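Quick notes on the structure that follows.
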Amino acid sequence: MSFVGLHIHSDYSLLDGASQLPQLVDQAVKLGMPAIALTDHGVMYGAIELLKVCRSKSIKPIIGNEMYVINGDIEKK
């Protein structure tokens with residue numbers, strides 16, 4: 001059975017991720033993963049880069065996002 005991590009942050013997640021996408025994809029390929037997900041915090045800056053790197057390594061990209069939602073007005077206390 002294959003494993004695919006679905007909660008992966010890159011260096012686009014400030015203060016949370018330090019890995020760059022080419023190295024993340026290389027490691028996923030090395031470990032035999034069929035896909036890799038990118039779920040950076042509140043940004044999608046790495047999505048196109050992930051698609052390009054995954055395409056060059058024949059691994060499926062999964063585009064995601066870790067975001068925060070609120071119920072109501074953010075200004076209201």
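Normalising by the residue count of the chain, find the relative contact order in percent from Cα pairs under 8 Å and 6+ residues apart. Don't skip to the answer; put the middle values down first.
Numbers: 114 pairs, mean separation 23.7, N = 77.
Worked out over the chain, it gives 31 percent.
Give me the Kirkwood hydrodynamic radius of the chain, using the inverse of the mean 1/r over all pairs of distinct Cα atoms, in Å to one decimal. Intermediate values should be presented prior to the final figure.
Numbers: mean 1/r = 0.0756 Å⁻¹.
For the chain, the Kirkwood estimate is 13.2 Å.
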_Nonlocal Lys pairs with alpha-carbon distance under 27 Å, the stretch 12-77 (8 or more apart, or different chains)_ = 4
_Using only DSSP helix segments of four residues or longer, with each worth -39500 (n - 2.57), what per-residue ellipticity at 222 nm results for the chain after dividing by its residue count and rounding to 500?_
-8000 deg cm²/dmol
*Hey, what angle do you get for helix 21-30 against the long axis of the chain, alpha-carbon based, 0 to 90 degrees rounded to 10?*
50 degrees
*From the backbone phi of the stretch 63-71, what are the Karplus-calculated ³J(HN,Hα) couplings (6.51 cos²θ - 1.76 cosθ + 1.60, θ = phi - 60°) in whole Hz, Gly and Pro given as x?*
8, x, 6, 9, 10, 10, 10, 10, 9
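Readers should treat all values here as calculations from the given coordinates under stated rules, not as data from a laboratory. Remember, it's a predicted structure, so these values are computed and weren't measured experimentally.
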